[in-house]
Amino acid sequence: MSRRNTISREFFSTIAVVLILGLSVMCAIQTALSAAYFVSERHTALTAILDGAGAMSQRFAELGDIVTQPLADERAKDARNGFELFNTASGALVFVTSEDGRVLLHTDGADFADQYVPQQILDELDQGGDIFVTGTMDGLYNDKYYTAGRRINVGGTQGYLFAASPMTALGSYIIDMLVMFGISAAAILLLCSLLCWVLARRITGPIEDISEAARRLGSGDFTARAPVDGCVELADFATTFNNMAQRLQTIDNSRGQFMGNIAHELRTPMTTIKGFIDGMLDGTIPPEENHHYLTIVSQETGRLARLVQNMLDITKLEAGEVPIHAQNYDLWKTVTDVVLSDEQRIEDGKIDIQGLGGPPLPIHADPDFVHQVVYNIVDNAIKFTPEGGTISFAAQKRGNMVEVRIENTGAGIAPEALPFVFERFYKEDRSRGMNTRGSGLGLHICKILINLSGGQIHAESEEGKWCRFVFTLPAGN
């Protein structure tokens, strides 16, 4: 498997490439603009030299025809010294040609006396206006020059005036510019590298913390949490991860509790069954008592069967394997059927039933689900209602939901136990005198069934007086 780069390295590499490309493009643009500026500046400077040299040529016109005939030594020296001023000040060559292009007068440093300017240059000047060309002027120069020229009239004689500047100056200018740009670019790259490193650490630090927490979580440490810091997105990511880890920890804890509860719930009846059967086999229990203890064994066996069935029902419900057959029907029919099925237990406990019946109240739900919910709640109510107590029913439509209340008198539920009554295997013995023969799964099944039906369920209680279960179901038509 190929070795992967870290986020910091990828981030730094990406920023470095972007910076280098950006600086390279900037350098190319700056070089082109600088070259264009330099050429424009040379054009302007040489044009200014032509203006000055042209004016000076007019002053020397009174000394003689400087274009068509040689000057006397002193006058030639004065004219040449005047032109040398331009050479000294700007480094430019200045020369004058006759009408046929022959070089007559030039500044020091030029070695093209008595040479000729190309005829096409002269023809272009004869059309009027100045020219600006680059190159060797068809071999007039030994090197490349920028050359500006114009047609002049000195003392009634036509000629041409030229000013030239070596093109090597452009190379020096570009090199100097590139050196300064390189120094600036190096400083920028260094500063950006430091800033990128700091920024990368700010971004990758929280990611590395989350990654480390994920590794711990993957190895089975469900207490692993990631620090919530960094930018908003990373903080949200860490929060989401921590919530996930919390849920996994809760599930893991619930799994451990679930296994412990199952072991406890199975061990108790199995111990009872084994003890009674062993007692009958070894004669500890007299033969005449066998029927009594076999009845207890049968009850414990039924309890085991119900426990296993409840666990299977929960597994199927939570896995979504139980189909929901919702339909419109009267809620009171289910409530009445459940109460009638427990009529004997209600009469034995001398329990008063109140609020049963009333106008039809349609709901839209699975009848089997609702029957199971009502049965489990009523079954608990009968267990924990003292002799002579009361179980009352109430239901009414609230918006698009129907709210159902089932209340019984008795010990009630302690306030600290209310949030847990719907958890699997939860038994709250202290406040309600919970029947130890129950599995603690009935109310958990109620919660699952109500949630699958689209409603909610909760418990209310005043300890020592009453307990009430309230659940909602979608209203029918």
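Before moving on, here are some points about what is shown:
- The condition of being open to solvent by less than 50 Å² (accessible area, probe 1.4 Å) and either hydroxyl-bearing (Ser, Thr, Tyr) or in contact (Cβ under 8 Å) with a residue 60 or more places away in the chain (or both) holds for only one of ALA226, ALA235, ALA169, that being ALA169.
- Checked against the criterion of being at pLDDT below 85, open to solvent by 50 Å² or more (accessible area, probe 1.4 Å), of a type outside the set (Asp, Glu) and out of contact with any Lys or Arg (no Cβ under 8 Å at 6 or more places or on another chain), the candidates SER219, SER193, SER184 yield just one match: SER219.
- Hits in segment 338-370 (condition: touching a residue at least 12 places away in the same chain (Cβ under 8 Å), out of contact with any helix residue (DSSP H, G or I) (no Cβ under 7 Å at 6 or more places or on another chain), under 19 Å from ILE382 (Cα atoms) and of a type in the set (Asp, Glu)): ASP352
- When residues in segment 112-139 are screened for being out of contact with any strand residue (DSSP E or B) (no Cβ under 7 Å at 6 or more places or on another chain) and more than 21 Å from ALA45 (Cα to Cα), 7 of them pass.
- ASN142 vs. criteria at negative phi and part of a loop (DSSP other than H, G, I, E, B): yes
- Screening LYS350 on (1) in a helix (DSSP H, G or I); (2) modelled with pLDDT of 85 or more shows it passes everything except condition (1).
- PRO386 in a loop (DSSP other than H, G, I, E, B) and more than 28 Å from TRP466 (Cα to Cα): no
- Candidates ILE296, ILE314, ILE273, filtered to the one that is assigned to a helix (DSSP H, G or I) and touching an Asp or Glu at 6+ places or on another chain (Cβ under 9 Å): ILE273
- Failed item in (1) farther than 30 Å from ARG306 by Cα; (2) modelled with pLDDT under 85, with ALA213 passing the rest: (2)
The values are calculated or read from the model by the stated rules, or taken from the named source; none is laboratory data. All of these numbers come straight from a predicted model, not from anything done at the bench. Reconstructed Cβ throughout: ideal geometry from the backbone, glycine too, with neighbour counts over all protein chains shown. Calculation scope for accessible area: heavy atoms of the full protein, side chains included, ligands and nucleic acids excluded. Shrake-Rupley method; radii C 1.70, N 1.55, O 1.52, S 1.80 Å.
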